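The values are calculated or read from the model by the stated rules, or taken from the named source; none is laboratory data. None of the values given here were measured: they were computed from a predicted structure. Every residue, glycine as well, gets a Cβ built from its backbone with ideal geometry; the counts of neighbours run over all protein chains shown.
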């Protein structure tokens, strides 16, 4: 009898537990898709290995990479469309043409949360960095971000983001 229980427990562990764990994360959520979308996220932000030395290069890339209906919602409630973002980022790129290594958004803790056909929802913790008056890299803000991706013509692309600011303890 003991061996029957041990066998049942072993079968549950080997076959059912991984399936239950996968189901709890959401249908369609796989490690491979999570890695793909994490890379899309890094590219979108011109971060990590995808950082571009010229700010204009990043703006031009985003203008092509984002879907036409792309938008972002900021912690202050402001909503910007793709056209508005490209315009404001272009002005900023003109004022600061060279991106110092490590500046800009630095996403961490990327996690794919749900997939609904050709739409995927993910979150990350983005740390924003800039060079301060002393020439040192410093954190200028942090946000928890909901990222939305869509699959168009077989490729995943950024569709929207909503940022919630993270307050530093005082």
Seminar exercise, completed: The correct count of residues that are exposed (fewer than 12 other Cβ atoms within 10 Å of the Cβ) and either touching a helix residue (DSSP H, G or I) at 6+ places or on another chain (Cβ under 6 Å) or at pLDDT below 95 (or both) in segment 154-170 is 4
For this session: Return the residue satisfying two criteria in turn: it lies in segment 113-153 and is part of a strand (DSSP E or B) and out of contact with any strand residue (DSSP E or B) (no Cβ under 7 Å at 6 or more places or on another chain), and of such residues it is surrounded by the most Cβ atoms within 10 Å (Cβ to Cβ).
Result: 115
Seminar exercise, completed: Exception for residue 48 within (1) more than 16 Å from residue 149 (Cα to Cα); (2) within 16 Å of the chain's Cα centre (by Cα); (3) modelled with pLDDT of 85 or more falls at (3)
Problem set entry | residue 101 touching a residue at least 40 places away in the same chain (Cβ under 8 Å), out of contact with any strand residue (DSSP E or B) (no Cβ under 6 Å at 6 or more places or on another chain) and assigned to a loop (DSSP other than H, G, I, E, B) | yes
Problem set entry | Hey, residue 68 assigned to a loop (DSSP other than H, G, I, E, B), within 17 Å of residue 40 (Cβ to Cβ) and touching a helix residue (DSSP H, G or I) at 6+ places or on another chain (Cβ under 8 Å) or not | yes
Problem set entry | residue 128 being in contact (Cβ under 8 Å) with a residue 60 or more places away in the chain and either under 21 Å from the mean Cα position of the chain (by Cα) or over 18 Å from residue 59 (Cβ atoms) (or both) | no
For this session: Go through 71, 61 for me and flag whichever is within 17 Å of the chain's Cα centre (by Cα) and within 25 Å of residue 166 (Cα to Cα).
Result: 71
For this session: Being modelled with pLDDT of 90 or more, surrounded by fewer than 14 Cβ atoms within 10 Å (Cβ to Cβ) and either more than 21 Å from residue 65 (Cβ to Cβ) or in contact with a helix residue (DSSP H, G or I) (Cβ under 7 Å, 6 or more places away or on another chain) (or both) is the filter here, so list the residues in segment 76-110 that pass it.
Result: 76, 77, 78, 109
Problem set entry | segment 25-39, residues that are surrounded by fewer than 20 Cβ atoms within 10 Å (Cβ to Cβ) and assigned to a helix (DSSP H, G or I) | 25, 31, 32, 33, 34, 35, 36, 38, 39
Exercise. Any idea which residue in segment 74-93 is nearest to residue 152 (Cα to Cα), counting only those that are over 18 Å from the mean Cα position of the chain (by Cα) and touching a residue at least 24 places away in the same chain (Cβ under 8 Å)?
Worked result: 86
